[in-house]
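J.: Structure provided below as C-alpha cells; questions to follow.
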Amino acid sequence: MVDVERVLDEAGLTNTYVREYVAHWAGVTGAERVEVVSASDDARLVQESLDAGELLPAGEGLYYSRSYFKDTARAEERTIVATNDESDKGTYNNWRPASEMKPLLVDLMTGASAGKTMYVIPYLMAPKGSPLERFAAGVELTDNRNVVLQMIRMARVGVEYINHLGDSFVKAVHVTGDLENLGQGTPDDKRYFVTVADERTILHFGSSYGGNALLGKIAHGLRQGSYDGWKNGFLVEQFMLLGITDKETGKKYNICGGFPSASGKTNLAMTLAPDALGDRYYVEFYGDDIAWLWVGDDGKLYGMNPENGVFGVAKDTNEKTNPTAIDSIVPGTGAIFTNVAYNEKTQEVWWEGKTPEYPADLDGWLDWKGDRIADRAPENADAPWAHPNSRFTTTLANVPNVAKDFEEPQGVEIHGIIFGGRTRDREPLIRAITDIAEGVYDGLTLGAEATAAADGLEGVLRYDPMSMRPFMSYPEADYAAHWLKVIGAAKETPIFAHVNWFQRGDDGRFLWPGYRENLRPLLWLMQLKYGEVSGVETPVGIIPTREELNLEGLDEQALADLDTILTIDTERWQQEMKFREEHLSQFEGLPEEIWAAHRRVAEALDQA
Ligand code: GTP
Ligand code: SPV
Ligand code: MN
C-alpha cells in the first residue's frame, strides 16, 4: 500500500477534497506509487521517459513518441456523456445513465494500474485569476508518464492552481489499460471514455493518445466545460481565437470560430503571423482549439483560451503553409512529436507535406509504426510515413506571435464569430451574417467532411454543429437556446461568418490558396462590421465583391478561381436546405428563432 498521505504532504497538496479523491483512486487502480507533478518536474520526467525509451530524442530539446498503432485518434463511438438525468440525452452526446457507466468504469479500472505509478496532475484550464477559474480547475490522475508530459505542455500544472479551490475541481481519472488486449474497433471493444457531467467526473479507460488521454483538453475543456457553461451562463466551444491589429488605425479585432477537428483552426490562428499582408496588420495568436466565452459585467462578450499549449496536426505543416508553427517546434522548445516518421540515425522527424518530396536517403527512416521504410514490402510502398493524425505538442509561450496578453485573466472582447469546415462545393469563401439567430442557425447547420482526427471517419460528409458534434455534452435544442441567450445578452453583437478554404475544382485542386491568405476574407469581415465595405446581399449572407477583397500579391490561378468561390449556387443551396431541415428536425424542441431563420433563408433562396 502506498502512503498517499505522506506523498501529498511532501508535495504541498493541502486541498482536503483533492486528497480524499487521490487516496480513493489510488486504492481503486492499485497503483504501486503515487507522484504529484508540477510544471517544474518536466526536465526530470523527460529524462525518465528518455531512459525508459518512451521518448526518443528528436534534436536538442525535442522529443519523439509513438502511441500504440491501434490508438492514434479519438474513438467517437466509445465516448459517452453520462448524467443522472435522462433529459440530458441529446442526439450526439451518446448519453448513458451515470448509474450504469460508473460501476462499469470502476470495474475496468480496478487494479488496472498495478505495478505502475499514478501521477497526480493538478491543472487549470484558464489563466490564473480568470472569472471562470472555478470551472477550470481539475486534477488528472494517470498511470502514463507521456500523458503527464503532454499535460504539462497543454495546461497550467501544479498544486498552486487547486489548493485554494475547495471542491471546485474536476475529477479526471485516466487509466491506460492493456492496449494490446482491448479489442479496439471490434465488437469486444473494452475502451470507455466517459464524462459524468453532472458529477464533474471524467473516467477514461483504454488509450494513451490525444483527447482520449489528456483529460484537461477535450474531456474537461470542451465536454465538461460546455455542460458547466450551460448550467452557469457561459459558452464552451471548439474554437480558435485570434486578434488582428490594424497598425494604421490602431484598431484591434478579435475573432473566434469553429472548424471541425483537423479542418484548419490551428493553422488559421497561428499562421497569420505578425507580418501577414505586408506590414499593415499584426495578427496575434490566442488559441487554436478551445474558447470559453462569457458576457462580462460591462456587457461585452469576452473570450479566452483555456489551454496552455498546442496539440497540432503535423500533416502539411511547413515553412510555407505555417512558418509560425515551424518556429514553435524548433530545438529548445521542448516540443513532442507523436506518430510522425523518425530517423533513428539522425533523430530527424518527418511527415507528409513537411517537405515537397520524401527524404531522398531512406537510411535510418522508420514510419510511424516503427517499421523500417527501406524494408517495406512492395504492396505497402505507398503507405504514409506519418499517421494522418500525427501531431506536435508545444506550449503557447513557444508560439512567436502569441498575444502579449495571453496570460491575462480578463480575456479579450470578441468582435467576430466564424464557422467553417472542409466543404468541397457550395460554400463560398466567406459569407457574413449579421443576425444572431441566423448566425446560430449557421453554426448548427455546419456541414463538412470528417477528418482523420476521429477513427475511421475520414472523408464522411456530416453535419457538425458549431464543430462540437464529438464534444456535445447536452441536448442540441438546449445548446441552441443557450447560444441565443448568451450572445443575445451582449450589448454589442459580434458579426458572424461562414468561411470555406476547401472548395475544389473539377480536377480536385483547392480553389483558394488558404493558409496565410485566409487573412484577406477576415479583414473584409471586419471592414463589413464597421461599415467600410458593403458586400453583396445573397439569400445565405453577405459576400464580398472582388474589388472589396485585398487581392494584392495573389497568384494568377487564385485570381482566376476567385469568381467560383464568390458565387452562390442557388440550386445547390436549395437542395441543401432540404438536408438541413432533416438535420434540424432531429433536435426536439429547437427554439422557434432557429426555425424562423431557416425559413427566411429558404424563402430567400426560392425568390432568388
Ligand atoms: P484539431 O486540432 O483536430 O481540432 O484541428 P484544427 O482544426 O486545428 O486543424 P489544423 O489547423 O491542424 O489543420 C488540419 C489540416 O488541414 C492540416 O493538415 C493543415 O495543413 C490543413 N489546412 C489548414 N488550413 C488550410 C487551408 O487554409 N487550406 C488547405 N488546403 N489546407 C489547410
Ligand atoms: C481534435 O480532435 O479536435 C483535437 C485533438 O483537437 S484531440 O485532443 O485528440 O481531440
Ligand atoms: Mn480540436
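The values are calculated or read from the model by the stated rules, or taken from the named source; none is laboratory data. Being a predicted model, the structure only gives us computed values, none of them experimental. So basically every Cβ, Gly included, is an ideal-geometry build from the backbone, and we count neighbours across all protein chains shown. Heavy atoms of the whole protein, side chains included, go into the accessibility calculation; ligands, DNA and RNA do not. Shrake-Rupley method; radii C 1.70, N 1.55, O 1.52, S 1.80 Å.
J.: Regarding region 53-69, can at least one residue be identified that is of a type in the set (Phe, Trp, Tyr) and surrounded by fewer than 21 Cβ atoms within 10 Å (Cβ to Cβ)? Steps first, please.
T.: Initially, region 53-69 is screened for residues of a type in the set (Phe, Trp, Tyr), giving 63-64, 68-69.
From what's left, surrounded by fewer than 21 Cβ atoms within 10 Å (Cβ to Cβ): 68-69.
Scanning region 53-69, I find at least one residue that is of a type in the set (Phe, Trp, Tyr) and surrounded by fewer than 21 Cβ atoms within 10 Å (Cβ to Cβ), so the answer is yes.
J.: Further question on the same structure: Take residue 434 and tell me if it is surrounded by fewer than 22 Cβ atoms within 10 Å (Cβ to Cβ), away from ligand 3 (no atom under 16 Å from the Cβ) and modelled with pLDDT of 95 or more. First the steps, then the outcome.
T.: On the way: surrounded by fewer than 22 Cβ atoms within 10 Å (Cβ to Cβ): yes; away from ligand 3 (no atom under 16 Å from the Cβ): yes; modelled with pLDDT of 95 or more: yes.
Taking the combined requirement at face value, the residue satisfies it.
J.: Same structure again: Scanning region 189-223 for residues that are more than 16 Å from ligand 1 (Cβ to nearest atom) and of a type in the set (Val, Ile, Thr), which turns out surrounded by the fewest Cβ atoms within 10 Å (Cβ to Cβ)?
T.: My answer is 201.
J.: I'm checking my understanding of the structure. Among residues of region 366-414 that are of a type in the set (D, E, K, R) and farther than 28 Å from residue 73 by Cβ, which one is most open to solvent (accessible area, probe 1.4 Å)? I'd like the intermediate steps shown before the answer.
T.: First, the residues of region 366-414 that are of a type in the set (D, E, K, R): 367, 369, 371-372, 375-376, 379, 382, 391, 404-405, 407-408, 413.
From what is left, the residues that are farther than 28 Å from residue 73 by Cβ are 404-405, 407-408, 413.
On the way: 404: 163, 405: 51, 407: 94, 408: 90, 413: 44 Å².
Top of the filtered list is 404.
J.: Still on this structure: Please find, among 239, 259, the residue that is over 21 Å from residue 127 (Cβ atoms), among the aromatic types (Phe, Trp, Tyr), within 16 Å of ligand 1 (Cβ to nearest atom) and buried (at least 24 other Cβ atoms within 10 Å of the Cβ). Full working, then the answer.
T.: Working: 239 fails: over 21 Å from residue 127 (Cβ atoms).
When all the criteria are applied, what remains is 259.
J.: Go through region 361-465 and tell me which strands (runs of 3 or more DSSP E), entirely inside it, have 1 or more residues that are touching a residue at least 60 places away in the same chain (Cβ under 8 Å) and of a type in the set (A, V, I, L, M). Let's see the steps before the verdict.
T.: Details: elements: 391-395, 416-420, 430-433, 447-449, 461-463.
Output list reads 416-420, 430-433, 447-449.
J.: May I pose another question? Return the only residue of 194, 173 being assigned to a strand (DSSP E or B) and within 18 Å of residue 116 (Cα to Cα). Give the derivation first.
T.: Values: 194 fails: within 18 Å of residue 116 (Cα to Cα).
Testing whether each residue is assigned to a strand (DSSP E or B) and within 18 Å of residue 116 (Cα to Cα) leaves just 173.
J.: Under 7 Å between Cβ atoms, which residue pairs at least 6 apart in sequence (or on different chains) link something in region 580-608 that is farther than 15 Å from residue 435 by Cα with a partner that is open to solvent by 10 Å² or more (accessible area, probe 1.4 Å) and β-branched (Val, Ile, Thr)?
T.: 586/91; 587/91; 605/570; 608/570
J.: Further, regarding this structure: Scan region 370-397 residue by residue and report those that are within 16 Å of ligand 1 (Cβ to nearest atom) and under 21 Å from the mean Cα position of the chain (by Cα). Walk me through how you get there before you give the answer.
T.: Filtering region 370-397 for residues within 16 Å of ligand 1 (Cβ to nearest atom) gives 384-396.
Across region 370-397, the qualifying residues are 386, 387, 388, 389, 390, 391, 392, 393, 394, 395, 396.
J.: Please work out if residue 247 is touching a residue at least 24 places away in the same chain (Cβ under 8 Å), farther than 25 Å from residue 122 by Cβ, open to solvent by 10 Å² or more (accessible area, probe 1.4 Å) and away from ligand 3 (no atom under 16 Å from the Cβ). Don't jump to the end; show me each part of the working.
T.: Numbers: touching a residue at least 24 places away in the same chain (Cβ under 8 Å): yes; farther than 25 Å from residue 122 by Cβ: yes; open to solvent by 10 Å² or more (accessible area, probe 1.4 Å): yes; away from ligand 3 (no atom under 16 Å from the Cβ): yes.
The answer is yes for residue 247.
J.: Right, something else. Which residues, counting only those in region 466-476, are open to solvent by less than 10 Å² (accessible area, probe 1.4 Å), part of a helix (DSSP H, G or I) and within 13 Å of ligand 3 (Cβ to nearest atom)?
T.: Residues satisfying the conditions are 466, 467, 471.
J.: State whether the residues of region 554-573 include one that is under 26 Å from residue 92 (Cα atoms), surrounded by 14 or more Cβ atoms within 10 Å (Cβ to Cβ) and either at pLDDT 95 or above or within 31 Å of the chain's Cα centre (by Cα) (or both). Before the answer, list the steps.
T.: First, pick out the residues of region 554-573 that are under 26 Å from residue 92 (Cα atoms): 573.
Next, only the ones that are surrounded by 14 or more Cβ atoms within 10 Å (Cβ to Cβ) stay: 573.
Checking which are either at pLDDT 95 or above or within 31 Å of the chain's Cα centre (by Cα) (or both) leaves us with 573.
Yes - at least one qualifying residue is present in region 554-573.
J.: Hey, another quick one. Among the candidates 506, 442, 464, 478, which residue alone is at pLDDT 95 or above and under 25 Å from residue 316 (Cα atoms)?
T.: 464
J.: Sticking with this structure for a sec: Quick one: in region 49-73, which of the residues that are of a type in the set (Asp, Glu) and within 24 Å of residue 369 (Cβ to Cβ) is nearest to the chain's Cα centre (by Cα)?
T.: 71
J.: Name the residues in region 285-313 that are of a type outside the set (D, E, K, R), outside any strand (DSSP E or B) and either away from ligand 3 (no atom under 16 Å from the Cβ) or under 15 Å from residue 415 (Cβ atoms) (or both), would you? Before the answer, list the steps.
T.: Step one: list which residues in region 285-313 are of a type outside the set (D, E, K, R), which gives 285-287, 290-296, 299, 301-306, 308-313.
Checking which are outside any strand (DSSP E or B) leaves us with 290, 296, 299, 305-306, 308.
Scanning region 285-313 gives 296, 299.
J.: Now, a different point. Which condition breaks for residue 221 when tested against (1) more than 16 Å from ligand 2 (Cβ to nearest atom); (2) touching a Pro at 6+ places or on another chain (Cβ under 6 Å)?
T.: Unmet for residue 221, out of (1) more than 16 Å from ligand 2 (Cβ to nearest atom); (2) touching a Pro at 6+ places or on another chain (Cβ under 6 Å): (1).
J.: Exactly one of (1) surrounded by fewer than 24 Cβ atoms within 10 Å (Cβ to Cβ); (2) of a type in the set (Gly, Ala, Ser); (3) in contact (Cβ under 8 Å) with a residue 24 or more places away in the chain is unmet by residue 341. Its number?
T.: (1)
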